[in-house]
Each structure stands twice: as C-alpha cells, then as structure tokens.
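The values are calculated or read from the model by the stated rules, or taken from the named source; none is laboratory data. A quick note: this is a predicted structure, and the numbers were derived from the prediction, not measured. Cβ placement follows ideal geometry from the backbone for every residue including glycine, while neighbour counts extend to all protein chains displayed.
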C-alpha cells in the first residue's frame, strides 16, 4: 500500500501543546522567524527541538540515579529494641515475610519492573527512530503511549514511605524515617517522566515508505 500523504506534504503542522492542526507558515515566514500557535501561543515546530539529545540525556541521568536508588536505604524503621534500614529490595522481602505478598508484588512491579521496562522501551524507541526503522511502527507508537500511562505509578514507593512516615509518627513505641534512597528514586521517576515527555513520537514515522 502506498504511503498516505504526510502533514508536511499537505502544508499542515500540529501544535505539540494543545494539538491544534494549522497551516504551516514556516516557509512563508522564513527560517529565522518564529511561528506561534494561534490558539495557545506556543512556538510551532515540525518536531520537538533536540528531541533525541534531550531524551538521551534525561534517560541516562535517570539510569544513573536508579543505581543509588536501589543501593541506598529508602526507609528506616525504629522500635524499642531494633533499628532497621531497608532498601527497595529488602523492603519487598520484608513485606513478603510479614504476610503481605500482594503488596510486595505491587511494590516490586512499580519500583523495579516498571522503571527497567521504561529504560528499555525508551531506549528502543530512540534507537529505532534514529535509524528510521520500518519495524512495527504502530506497535512502537502504542508502546510510547503505554510508557506515558504507567510512568506515574513508579512513584508508589515514595508514596508508601511518606504514608508510613505520617502514620507511624503518632506512635510512641516506633518510628519510620525516610532516607536518601527516596530522593534518588524520586529523581529517577521524575527524569524518566521528563524523558518520555521530551521524546517526539512523530519521529517514529519519519522516513517511512508505507503505512503498514
């Protein structure tokens, strides 16, 4: 099947903020002049500027933060005769041993599996789009939407620590304190979210010969 006409061929451009499709006035205005969206006023670009470099930089920074996030303890539980510092993995193990396997699985999935899959998915999108690959374009577009959808669930560990800290603070015999690992993990989540936002999914379709 022949390729359908592209927006650039029809003289159209889409705003990446509000989604308005309008006439591409870049050619008439000249390369030096900035063309703004008539609805929201943001500068119009055929593709997000420096999308590849920004996404790679944010993704690498997120992976660097992810290492101490799993090594440095994220929470300290203190009682009358015991003080215990827990990393993400040790916290999952403790939940499993204490009779909460369902919660352990949820925390493991949100804190370990989801970030690793996001690294893999965004890396795949970046490499394949940069090479102009024809491989599974529709599936890759769906993968990008999935990455955006599940990104917020990675903050579950931070919410759990915050909730436990607030609840146990009212107890006289025990105490829960957040440790620096929470900061690293929060930075990992924020950086991966920014990486997915900086990636332009329209790059997936650049260089395609067909719409299959």
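Taking the stretch 131-144 only, how many residues are touching a helix residue (DSSP H, G or I) at 6+ places or on another chain (Cβ under 8 Å) and surrounded by fewer than 14 Cβ atoms within 10 Å (Cβ to Cβ)?
Residues that pass the stated criteria total 1.
Take residue 114 and decide whether it is surrounded by 18 or more Cβ atoms within 10 Å (Cβ to Cβ), under 21 Å from residue 59 (Cα atoms) and touching a residue at least 12 places away in the same chain (Cβ under 8 Å).
Details: surrounded by 18 or more Cβ atoms within 10 Å (Cβ to Cβ): yes; under 21 Å from residue 59 (Cα atoms): yes; touching a residue at least 12 places away in the same chain (Cβ under 8 Å): yes.
Yes: the conditions hold for residue 114.
Just to be sure, is residue 108 at pLDDT 85 or above, more than 17 Å from residue 206 (Cβ to Cβ) and touching a helix residue (DSSP H, G or I) at 6+ places or on another chain (Cβ under 8 Å)? Break it down stepwise before answering.
On the way: at pLDDT 85 or above: no; more than 17 Å from residue 206 (Cβ to Cβ): yes; touching a helix residue (DSSP H, G or I) at 6+ places or on another chain (Cβ under 8 Å): yes.
For residue 108, the condition - at pLDDT 85 or above, more than 17 Å from residue 206 (Cβ to Cβ) and touching a helix residue (DSSP H, G or I) at 6+ places or on another chain (Cβ under 8 Å) - is not met.
Based on what the data block shows, is residue 161 surrounded by 16 or more Cβ atoms within 10 Å (Cβ to Cβ), touching a helix residue (DSSP H, G or I) at 6+ places or on another chain (Cβ under 6 Å) and modelled with pLDDT under 75?
Numbers: surrounded by 16 or more Cβ atoms within 10 Å (Cβ to Cβ): yes; touching a helix residue (DSSP H, G or I) at 6+ places or on another chain (Cβ under 6 Å): yes; modelled with pLDDT under 75: yes.
Yes, satisfied.
Kindly state which strands (runs of 3 or more DSSP E) lie completely within the stretch 1-98 and contain at least 1 residues that are outside the structural domain of residue 116 (by TED's automatic domain parsing), surrounded by 14 or more Cβ atoms within 10 Å (Cβ to Cβ) and modelled with pLDDT under 85. Reasoning before the result, please.
Values: elements: 12-14, 21-23, 75-78, 83-86.
Counting at least 1 such residues, we get 12-14, 21-23.
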